[in-house]
Amino acid sequence: MRVACSASLRAMFSVALLALAAALSSWTATAAAAEPGRLWRVTLEAPEELRPLLEENLDLFRLGGRTGLDDEFVEHLAARSAGEVRDLLATAGHFRPEIFIDARRENGVLVVHLRVEPGPQAVITTTDIRVGGAIETAGGDALRAKRLVERWRLRPGTAFRQSAWDTAKDALLRSLLLDGYPAARITDSRAEVDADTAQVSLRAHVDSGPLFLYGETQIEGLQRYPRSLLDNLRRYHPGQRYNHEDLLRYQSALQGSGFFRSVSVAVDPDPAQAAAATVRVIVIENPAMKIDLGGGISTDSGPRGELTFTRYNSFQPGWQSTTRLRADRKEQTFSSELALLPEPGDWRNRLGVEASRSDIEDLVTRRFGLIAQRSWRSPEREHDWSVKFQTEEQSLNAGPVDNLNALTLNYSWTRRRVNDLLRPRQGHMINLQLGGATAALLSTRSFTRAYGRGLYIVPLTRRDRIHLRGEAGAVWSDAREGIPTEFLFRAGGDQSVRGYDYQSLGVRQGSAVVGGRFLGVATIEYQRDLTRDWGAAVFADAGNAADTPSSLKPVQGYGVGVRWMTPAGALNLDLARGRETGQLRLHFTLGTRF
């Protein structure tokens with residue numbers, strides 16, 4: 001019985017070995033047969049300026065080197081690429097190319113050689129550009145139609161490219177669609193090509209359609225808030241000439257008001273209604289109340305948390321109240337604001353109360369304030385008038401407490417002229433402030449305060465730019481004592497002189513640093529884009545705060561940084577060294593330093 005079992009096991013083992021050998025043999029044969037099909041590549045011989053067009057669009061390059069494709073399929077791709085090359089070159093104005101394709105094995109690798117001789121590039125010889133319709137009889141617009149034709153970019157003698165042809169037509173039509181004629185259309189569009197002579201004749205005829213004037217504004221989705229809220233934010237009027245910019249600004253104002261989750265504004269393009277075109281506004285309202293929780297971290301003040309409670313329709317329809325509690329390692333703030341209904345012309349009045357405590361550089365400040373503010377704001381410009389009454393307690397190192405009051409009148413003006421608010425590459429930003437108080441009216445001391453800051457971005461190349469930033473401030477008064485900390489100046493930190501602690505530059509009083517009456521800060525920063533979303537920076541900062549102009553001696557900080565572009569703006573990570581202290585400090589901020 002034992003012998004029979006051993007024989008049976010030997011037989012089963014032999015069968016298993018034979019099966020394994022057969023499987024290995026089959027796998028090896030399959031691999032050997034498939035191996036040539038796995039190894040292949042493409043070479044391209046073509047003018048340098050045409051290589052990106054071909055490499056980014058041909059299937060040969062899109063699938064280039066991919067494993068698992070047999071020789072027959074690769075050769076099919078190569079044969080088909082001739083037609084693809086002709087179509088692609090035609091978009092670049094080459095209508096008589098010579099294309100040579102050769103596929104052969106070299107050292108066990110299938111190599112597809114593609115050589116392209118594009119031939120002459122076609123040149124535009126004649127153009128027939130016309131703008132007609134109601135624009136020819138609409139007063140001063142007849143001259144505008146003539147100017148649109150005169151500004152046509154593709155003149156005779158210009159090399160023809162399909163992309164340039166499409167862009168020129170779109171620009172011609174878009175100039176009418178966005179200003180006065182939203183029903184404009186292209187009635188005839190032709191690019192007649194003579195491939196033998198490499199010549200192109202262009203024709204583009206546009207019918208402007210009727211001139212549109214604003215009619216009534218229809219609103220959908222409004223339930224909780226008064227109609228006057230939307231009417232007051234509207235800047236155009238019935239009977240006014242249509243301009244797309246008006247609707248964009250209106251939509252932006254409604255979206256920025258805080259009352260709506262989404263807003264859509266569009267004009268009815270029906271030519272029959274052009275004399276009084278309906279503007280349709282569709283809104284989705286925010287909830288009547290909302291609670292927002294937020295958090296963050298910065299190298300100036302460490303981790304922070306924020307709780308915001310917003311209630312729409314507080315006391316009156318359209319009045320908006322916001323209560324906010326914010327705390328970080330150095331400062332804790334409670335504030336509550338009531339924003340009244342926006343007025344015509346975008347002005348809005350606000351009433352608020354604020355209480356805060358801060359402990360910065362051994363200066364402990366407790367503040368309570370009441371504020372009335374009138375403001376006008378747009379993405380490009382802001383005007384703010386305010387009257388503020390505040391009481392403040394100051395103590396140094398838990399020493400004696402100073403109590404002071406101030407009733408101030410303040411004005412702030414801001415202008416932004418940059419190519420992109422979130423990712424500015426060129427332009428400038430400016431903020432100017434002026435304010436003051438008098439001892440004759442609820443204030444411990446009379447003073448006048450002026451402050452300004454600016455950012456100027458100088459583009460050097462498409463990837464390189466220089467940021468020039470400056471800050472200056474002055475408080476005119478008999479003495480610093482009796483002036484609230486908010487109206488004095490300290491420097492240092494992420495948004496000031498990097499390489500130094502937050503607000504560590506100012507007037508030294510014992511072991512504490514208090515605010516001075518004069519401020520000066522300057523920055524020069526070179527930025528370079530490494531990829532679309534990543535960049536690097538080298539910078540130098542200088543500045544300080546002091547109690548007199550003669551004692552305002554700038555300190556210096558310099559370093560390097562990394563820039564990461566996020567949907568919320570630039571994320572900045574800087575490593576800076578303070579020249580006077582010799583210490584290295586890491587700075588972490590979000591957004592453009594302004």
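Points to keep in mind about this one:
- Approximate shape of region 544-585 as ellipsoid semi-axes (Cα gyration tensor, √5λ), whole Å, largest first: 29, 15, 6
- Between the Cα long axis of helix 2-38 and the first principal axis of the chain there is an angle of about 80°, rounded to the nearest 10.
- Charge tally in the Cβ shell below 11 Å around GLN583, where Lys, Arg are +1 and Asp, Glu are -1, GLN583 excluded: +1
- Phi-based couplings in Hz for region 526-535 (Karplus 6.51, -1.76, 1.60; Gly and Pro marked x): 9, 10, 9, 7, 8, 9, 4, 10, 10, x
- Å² per residue, accessible surface of the chain at 1.4 Å: 53
- Estimated [θ] at 222 nm from DSSP helical runs (n ≥ 4, -39500 (n - 2.57)) normalised by residues in the chain, nearest 500: -6500 deg cm²/dmol
- Helix 162-177 axis, angle to the chain major axis (alpha carbon atoms, nearest 10°): 40
- Computed on the Cα trace of region 329-474, the radius of gyration divided by the Kirkwood hydrodynamic radius gives Rg/Rh = 1.05.
- Virtual spin-label span in nm between ASP102 and LEU590, 7 Å along Cα→Cβ: 5.9
- Each Lys and Arg adds +1 at its Cβ and each Asp and Glu adds -1 at its Cβ; summed about the Cα centre, the chain shows a dipole of about 1120 debye.
- In this structure, SER551 and LEU340 have a Cβ-Cβ separation that, at R0 = 56 Å, corresponds to a calculated FRET efficiency of about 0.80.
- Applying 1/(1 + (r/R0)^6) with r as the Cβ-Cβ distance of ASP270 and ASP87 and R0 = 51 angstrom yields a FRET efficiency of 0.85.
- Mean sequence separation of contacting Cα pairs (under 8 Å, at least six apart), scaled by the length of region 86-132, corresponds to a relative contact order of 37 percent.
- Within a straight-line Cα-Cα reach of under 20 Å, LYS290 can be paired with the following aspartates and glutamates, leaving aside sequence neighbours fewer than 8 residues apart in one chain: GLU306, GLU337.
- For region 526-594, the fraction of 1.4 Å probe accessible surface lying on carbon and sulfur atoms is 64 percent.
- Take every pair of alpha-carbon atoms less than 8 Å apart whose residues are at least six positions apart; their mean separation over the length of region 431-481 yields a relative contact order of 32 percent.
- Region 461-594 has equivalent-ellipsoid semi-axes of 31, 14, 13 Å, by the square roots of 5 times the alpha carbon gyration tensor eigenvalues, sorted largest first.
- Carbon + sulfur, % of accessible area of region 386-477 - ligands and nucleic acids excluded, 1.4 Å: 59
- Length added when fully stretched, ARG423-PHE368, from 0.36 nm per residue minus Cα-Cα: 16.1 nm
- Label point distance in nm, ASP231-GLU285, each placed 7 Å from Cα along Cα→Cβ: 1.8
- With contacts taken as Cα pairs under 8 Å at a separation of at least 6 residues, the chain carries a relative contact order of 6 percent.
- Once the Cα-Cα distance is subtracted from the 0.36 nm per residue extended length, the GLN583 to LEU307 segment shows a gain of 95.8 nm.
- Counting only residues at least eight positions apart within a chain, or on another chain, the lysines with an alpha carbon under 16 Å from that of LYS169 are LYS146.
- Label-point separation in nm, ASP533 to ASN405, each point 7 Å along Cα→Cβ: 5.5
- Under 24 Å from the Cα of LYS330 - lysines, other chains or at least 8 residues apart: LYS388
- ³J(HN,Hα) computed for each position of region 240-250 - Karplus, 6.51 cos²θ - 1.76 cosθ + 1.60, integer Hz, glycine/proline x: 7, 4, 5, 9, 4, 4, 4, 6, 5, 5, 5
- Contour minus Cα-Cα distance for ARG241 and THR323 (0.36 nm per residue): 25.4 nm
- Label zone at ILE186 (point 7 Å along Cα-to-Cβ), backbone N below 16 Å, region 124-138: 127-132
- Mean projected area of the convex hull spanned by the Cα atoms of the chain, taken over all viewing directions: 48.5 nm².
The values are calculated or read from the model by the stated rules, or taken from the named source; none is laboratory data. Please read these numbers as outputs of a predicted model, since none were measured by experiment. Don't worry about glycine lacking a Cβ; one is built from the backbone with ideal geometry, like all the others, and counts go over all protein chains shown. All accessible areas refer to the heavy atoms of the entire protein, side chains included, with ligands and DNA or RNA removed. Shrake-Rupley method; radii C 1.70, N 1.55, O 1.52, S 1.80 Å.
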